[in-house]
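The values are calculated or read from the model by the stated rules, or taken from the named source; none is laboratory data. All figures in this text were calculated on a predicted structure; none of them were measured in a lab. Positions of Cβ are backbone-derived with ideal geometry, glycine not excepted, and every protein chain shown enters the neighbour counts.
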Amino acid sequence: QRIKEKKEQRKAAKLGKLPPKKQPKKQPHTIESLREKDVTMVEEEDEELDQEEATDAFSSYFTKSYVPKVLVTCSDNPHTKTIAFIRELCRMIPDAKPMWRKRSRIEKIIKTATENGFTDVVIVNEDRRIPNGLMVIHLPEGPTALFRVSNPKLCKEIHRSHQEISNHR
């Protein structure tokens, strides 16, 4: 029966006639199709949204109007594993510079970094001689994010050279 229908449709297409009308497919009832229109939803082409994005505190980040400069530091007297981890971070993050604390406070490091034109500070925390956390501070006024590092592996441990790190940064 399907073969007959297809033959009829081909003949009708050759003659320029439309195939017999079939019932239109029904719309499935999903959460999205049953949802009522929300007046608080923002449309893509909205003037108010454009004005807000222009005056947003993070607009310079999204427009990439500056080149990030990152300072990487750690606790006082870091272990060799933490030092190696910091060196790996500086290789991965473009324009990152390591700085050893030398008993100075974080507030002083942040003040110095702001004066020297750094845009971010990454502080590596260590516990039991292993790096276990990263605190990322955006200068001059934040925000700050804290990340947990659970099992750090260096390039040497995964049998890769730091030169093989891809350029898709």
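In this entry, Ile123 is excluded by the filter for residues that are in a helix (DSSP H, G or I), modelled with pLDDT of 80 or more, more than 18 Å from the chain's Cα centre (by Cα) and hydrophobic (A, V, I, L, M, F, W, C). The set of residues in region 45-90 that are in contact (Cβ under 8 Å) with a residue 24 or more places away in the chain and of a type in the set (Asp, Glu) comprises Asp76, Glu88. Counting only residues that are in a loop (DSSP other than H, G, I, E, B) and at pLDDT 80 or above, region 11-34 holds 3 of them. Under the condition of being surrounded by 12 or more Cβ atoms within 10 Å (Cβ to Cβ), in a loop (DSSP other than H, G, I, E, B) and charged (D, E, K, R), the residues counted in region 43-71 number 2. Restricting region 73-115 to residues that are in a helix (DSSP H, G or I) and among the hydroxyl-bearing types (Ser, Thr, Tyr), the residue that is nearest to Pro140 (Cα to Cα) is Thr114.
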